[in-house]
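Everything on this sheet refers to the single structure shown next.
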Amino acid sequence: MLRRKQTRTTVLSRIHDLVTSHDFTPSSVALIINSCAAILPPVEFSNLLQSRNIGHVLGNDTQ
C-alpha cells in the first residue's frame, strides 16, 4: 500500500513538473508521460490526468 502511494506521488510530481515548466522538449514530455502511464493502472493514470488542479492534488495526496 505504501509503495503504491509513493508511486502515485512520484507520478503526480512528474506531471506537475511538466505542466508548470516553461523549458521542455516534446520528446522529453513523451518519455515522461509514457513512463508514468506504464507504472500506474490505466484508470488511475487517467484520473490523475483529469485532475483540475495537479498542484492541489499533489499537495493533498491522501490516497
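Six or more apart or on different chains, Cβ atoms under 7 Å: show the pairs whose first residue is in the stretch 1-30 and within 14 Å of F45 (Cβ to Cβ) and whose second is surrounded by 10 or more Cβ atoms within 10 Å (Cβ to Cβ) and among the β-branched types (V, I, T).
Listed by first residue and then by second, the contacts come to T7/I39; V11/I39; L12/I54; L12/V57; R14/I32; I15/I54; L18/V29; L18/I32.
Please go through the stretch 8-63 and give me each residue that is part of a loop (DSSP other than H, G, I, E, B) and at pLDDT 90 or above, ordered by number.
Answer for the stretch 8-63, where residues must be part of a loop (DSSP other than H, G, I, E, B) and at pLDDT 90 or above: L40, P41.
The values are calculated or read from the model by the stated rules, or taken from the named source; none is laboratory data. Small disclaimer: the values here were computed from a predicted structure and weren't measured. Neighbour counts are summed over all protein chains in view; Cβ atoms, including those assigned to glycine, are modelled from backbone coordinates with ideal geometry.
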